[in-house]
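Here the structure is laid out as structure tokens; the discussion comes afterwards.
Since every read-out is calculated from the coordinates, none of them should be taken as a lab result. Model, not experiment: these values are computed from the prediction. Cβ placement follows ideal geometry from the backbone for every residue including glycine, while neighbour counts extend to all protein chains displayed.
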Amino acid sequence: MEQYIIKGGKPLRGEVEISGYKNAALGIIAAAIMTDETVKIENVPDISDIDILLNVIEDLGAKVERINKHTIKINGSKINTVKADSEYVRKIRGSYYLVGALLGKYKEAQVALPGGCNIGSRPIDRHIKGFAALGSDVKIEHGLICAKADKLEGASIYFDESSVGATINVMLAACMAEGQTTIENAAKEPHVVDVANFLNSMGANIKGAGTDVIRIKGVPKLHGSEYSIIPDQIEAGTFMFAAAASMGDVLVKNVIPKHLEAFTAKLLEVGVTVIEYDDAVRVIADKRPNSTQVKTLPYPGFLTDMQPMMTTLLTLSTGTSIVTESIFENRFKYVDELTKMGANIRVVESNTAIITGVERLTGAIVSASDLRGGAALVMAGLMAEGYTIVENVEYIERGYEDFERKMQKLGAAIAKVDARDTKAIRKFKLKVS
Ligand SMILES: CC(=O)N[C@H]1[C@@H](OP(=O)(O)OP(=O)(O)OC[C@H]2O[C@@H](n3ccc(=O)[nH]c3=O)[C@H](O)[C@@H]2O)O[C@H](CO)[C@@H](O)[C@@H]1O
Ligand SMILES: C=C(OP(=O)(O)O)C(=O)O
């Protein structure tokens, strides 16, 4: 049982290098099995969700070669089953992209229902609607999403509400359907664009990704490619907010500043300095943030995945702030943990947090219950007086590469220790006292 132990109160200072985007990598790895030729993917984040997806495609018969920590080669020519039902498939969200990829390539897929963060009910009805529109029979049987088609035919698909997962999944299947598919009210998130760019590099014909309307002309075959995944906007945002919350000065490198605009805007609004460069942003803070109001929305709005970091930053604000979650119905679980650290937050109607700023947080033993909520607790630990222990680090490691090492490099007093290793805990306390 590993946990983070943190001694708060040190401003983060220095430079941090952002890894590849988990949520783009999941779609891109699934897409890579759609060709029988070899695909080389660079800037793959070294995180547990990606290890899991790579294991799952190996179980299908794909060959995965790890060239180095961030570069892999995938060859899908020896795939011998369209059934992915191991316990791993159920652990991550991105495994549902195998439905679109296998259905597009083999016209059949049987994939266990996905897992991922427990942040709401997370239905997949829009994915099913999209596959059905392409001519596939789709049903859920024995916990598997079963999709089968004699042939896939392009269709006009309208999503009444935007869904990142459904947009990418339909795009995957449609790029090997016959004829043209139009997705209206498509999700516009950067990873939708990245997966589309990758598919186009494999010979797909996708236009409009990043806008409301995506047009896909089906092709009979995809080919090998070399591709580098975009930087992780959520990892970048997490370090930006942690820099601000610790009243530090951090250069967040290897980012696409355009993807961070919603975070930058909110930081500027609460009085933090943000300087944009071509592929980096510098965040400087020297006082408590002003209060503000934020509502999570699909891109280019304020990303729901960054909502826990926003709320956590505002615990120290000089007034009362309101954060409204409009995407997932159960994304304030970490708030109970923050209150153990002295935060003053009231959640009303389960989707609105009213945060009355306090002068300081104090360290406590807290437990992560999902990926981003867990990262926010680490951030709170950096802001708090004294020691904080964050349990259940495996949630955080789903999506952050070398999290504690990157924090340490910025001067944070943080270590990952086994909960039973009292010696290591004592050693850490001695070192940082
Ligand atoms: C692996 C991955 O990329 N995960 C991201 C993806 O999740 P994910 O793809 O699951 O999120 P969606 O964009 O699909 O979900 C948006 C909303 O639509 C609902 N919905 C979605 C599909 C569906 O068929 N029916 C339905 O009702 C969801 O419950 C949610 O309320 O986008 C979310 C929103 O930016 C991010 O928080 C997640 O980090
Ligand atoms: C919610 C997230 O991930 P997933 O959709 O994989 O659960 C996330 O990345 O914040």
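Taking the Cα atoms only, what angle lies between the long axis of helix 164-174 and the longest principal axis of the chain, rounded to 10 degrees? Its long axis makes an angle of about 20 degrees.
For segment 211-299, applying the loop criterion from DSSP together with a ceiling of 14 other beta carbons within 10 Å to the chymotrypsin sites (Phe, Trp or Tyr not before Pro) yields TYR277. Taken about its Cα centre, the chain carries a charge dipole of about 760 debye when Lys and Arg each add +1 at the Cβ and Asp and Glu each add -1 at the Cβ.
For a Förster distance of 41 Å, can you work out the FRET efficiency between the beta-carbons of ASN68 and THR211, rounded to the nearest 0.05? For R0 = 41 Å, the calculated efficiency reads 0.70.
For segment 22-228, a Kirkwood radius taken over Cα pairs fed into Stokes-Einstein (25 °C, viscosity 0.890 mPa s) yields D = 150 µm²/s. Straight-line cross-link reach from LYS188 at under 16 Å between alpha-carbon atoms covers these lysines, not counting any fewer than eight positions away in the same chain: LYS207, LYS258.
Residues whose amide H comes within less than 5 Å of that of LYS295, counting only those at least five positions distant or on another chain, are THR324 (H built at 1.01 Å from N in the peptide plane). With both residues required to sit in segment 22-228, DSSP beta bridges show an antiparallel share near 70%.
Scalar couplings 3J(HN,Hα) for segment 415-423, obtained by applying the Karplus form with A = 6.51, B = -1.76, C = 1.60 to θ = phi - 60°, are 9, 9, 9, 6, 4, 8, 8, 5, 4 Hz; x denotes Gly and Pro.
Taking Cα centre as origin and charging only the Cβ of basic (Lys, Arg, +1) and acidic (Asp, Glu, -1) residues, the dipole magnitude of segment 22-228 rounds to 160 debye. Under the combined filter of DSSP loop state and at most 15 neighbouring Cβ atoms within 10 Å, segment 130-167 retains these trypsin sites (Lys or Arg not before Pro): LYS151.
Computed from phi, the 3J(HN,Hα) profile of segment 213-230 under the Karplus parametrisation 6.51, -1.76, 1.60 (θ = phi - 60°) reads 10, 10, 10, 10, 9, x, 10, x, 8, 10, 10, x, 6, 10, 8, 10, 6, 5 Hz, with x in place of Gly and Pro. For segment 25-154, lysine pairs separated by 8 or more sequence positions, or belonging to different chains, with Cα-Cα distances below 17 Å total 26.
Of the residues CYS175, CYS117, the one with the fewest other Cβ atoms within 10 Å heads the list, and the complete ranking is CYS117, CYS175. Per residue, the chain reaches -9500 deg cm²/dmol at 222 nm when only DSSP H runs of four or more residues are counted, each adding -39500 (n - 2.57).
Rg over Rh for segment 1-90 works out to 1.11, both radii taken from alpha-carbon positions and Rh defined as the Kirkwood radius.
What the Cα convex hull of the chain gives, in volume per residue, is 128 Å³.
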